[in-house]
Amino acid sequence: MKNKLAQRIRDLPPYLFARIDELKSEQRARGVDLIDLGIGDPDLPTPPNVVAALQEAAANPAHHRYPSYSGMLEFRKAAVDFCARRFGLDLDPATEALALIGSKEGIAHFPVAFVDPGDLVLVPDPGYPVYGTGTKFCGGEVHVMPLRRENGFLPDLSAIPKDVAERAKVMWINYPNNPTAALAPRSFYENVVAFAKEHDVIVASDVAYSEMYYDDERPMSFLEVPGAKDVGIEFHSLSKTYNMTGWRVGFAVGNRDLISGLGKVKTNVDSGVFEAVQRAATEALAGDQSSVEDMRRIYRERRDVLCKGLMSLGHEVLAPKATFYCLVAVPKGYSSLEFAAKLLTEAGIVATPATGFGAWGEGYVRLTLCADKSRLAEVVERLKRC
Ligand SMILES: *Cc1c(COP(=O)(O)O)cnc(C)c1O
């Protein structure tokens, strides 16, 4: 059997969490009550109005057939209306919006439309791993943009060498950021648009956490900046906003040529999102938004319990203004992986070494707020004891 894996799969980076997974099973086998703050997956349920919309739509035979490739116009209208209400964007639902099977699907497929072998793609580090793997699956080369704390975890565009900038085809940006929780100011987006125009680079912005913010500073859309629609596409997710990670629905908006390019890939790969799910997603975006306020209040309270607690123990914690991720600085003498292993074996706490998101994550572990307040208080208690 010719079962040798394709080169692109053999080239995938080694799985960094193998050691953590091993320790997790060991601890579990010993009966340790693990508190898992490793994975960014909301523990809260999808709002009931969304579930009800799915139930009703699922019973309607009109939705049992193949959906349209680009998504129901009704869903794309709801997406565009959401962007108008929230960010003041003016988008055409027919040509500037596309339904996705979760934003990850669109992020992974985008390079298939625009990256040729040998093309260069600018990727933030630490960052969501899909930007880099999607690039490499298409034979593209990754140029890392380090996200440094002293620079607010924004890439330093002026540090990108001229020849790299000239060769670059796509730049990925992601604010509010996973894993650093950083927000981007308007001036950053303005610089990105100027950079993209000067060097003829496509901007791909991932705003999966745009609604997950806790203070007065509301995250903006990159497309709010004048000229952004000439150069960019933005990937939106319902997963974190409406606790819908399992539903697999999201959307892309932006430049019509970029949307249409991604759409061409999708017509050849998938057959769209189940229409009943699109009906439910329409309800999520267009219906009662009080669940989003509740979500923010719950995570804000959790953030305060966990971050204040850890700080009171002397830990250096970057308390998030957005996203549900808290970076904790690793004490001297440990690597990120070693510190995560110590948290697991000595306190039964699962944290993610930030090196799982790239080499520039060294020095931090990432904790999520995906557990209730009493469990987060328990995290603080356990650390106090060890
Ligand atoms: C969770 C996440 C996504 C993916 O969300 P889906 O819409 O569920 O595919 C995209 N980008 C980042 C940075 C994320 O953390």
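The values are calculated or read from the model by the stated rules, or taken from the named source; none is laboratory data. Model, not experiment: these values are computed from the prediction. Here Cβ is always computed from backbone atoms with ideal geometry, including for glycine, and neighbour counts include all displayed protein chains. Side chains included, ligands, DNA and RNA excluded: accessible areas come from the protein's heavy atoms. Shrake-Rupley method; radii C 1.70, N 1.55, O 1.52, S 1.80 Å.
Each residue was assigned an accessible area with a 1.4 Å probe, and for Trp360 the value is about 110 Å². Over the chain, DSSP H runs of length four or greater, each weighted -39,500 (n - 2.57), average out per residue to a 222 nm ellipticity of -12500 deg cm²/dmol.
Karplus-derived 3J(HN,Hα) values for the range 131-142, using 6.51 cos²θ - 1.76 cosθ + 1.60 with θ = phi - 60°, are 4, x, 5, x, 4, 5, 4, 9, x, x, 9, 8 Hz; glycine and proline are entered as x. Looking at the chain, the DSSP beta bridges with both ends there are about 50 percent antiparallel. Taking all protein chains together, Leu23, Leu12 sort by accessible area into Leu12, Leu23, largest first [probe 1.4 Å].
Any idea of the accessible area per residue across the range 334-386, 1.4 Å probe, to the nearest Å²?
I get 38 Å² per residue for this part.
Order these peptides, 200-210, 322-332, by their mean beta-carbon neighbour count within 10 angstrom, highest first.
The packing order, highest mean first, is 200-210, 322-332.
Applying the Karplus relation 6.51 cos²θ - 1.76 cosθ + 1.60 with θ = phi - 60° to the range 239-244 yields 3J(HN,Hα) values of 4, 8, 5, 10, 6, 10 Hz, where x marks Gly and Pro. Once you order the gyration tensor axes a ≥ b ≥ c over the Cα atoms, which shape class does the range 48-286 get: rounded for a/c under 1.5, otherwise prolate or oblate by comparing a/b with b/c? Here the range 48-286 falls in the prolate category.
Per residue, the convex hull spanned by the Cα atoms of the range 272-377 measures out at 149 cubic angstrom. Summarising the amide proton neighbourhood of Arg148: residues at separation of 5 or more, or on other chains, whose placed amide H is nearer than 5 Å comprise Phe153, Leu154. Shown in residue order for the range 48-57 are the 3J(HN,Hα) couplings computed by the Karplus curve 6.51 cos²θ - 1.76 cosθ + 1.60 at θ = phi - 60°: x, 5, 6, 4, 5, 5, 5, 4, 5, 5 Hz (x for Gly and Pro). Each peptide in 94-105, 61-72, 137-148 was scored by the mean count of other Cβ atoms within 10 Å over its residues; highest first, the order is 94-105, 137-148, 61-72. Most tightly packed first, judged by the mean number of other beta-carbon atoms within 10 Å of their residues, the peptides 367-376, 2-11 read 367-376, 2-11. Using a cutoff of 8 angstrom between alpha carbon atoms and counting only pairs six or more residues apart, the relative contact order for the chain works out to 24 percent.
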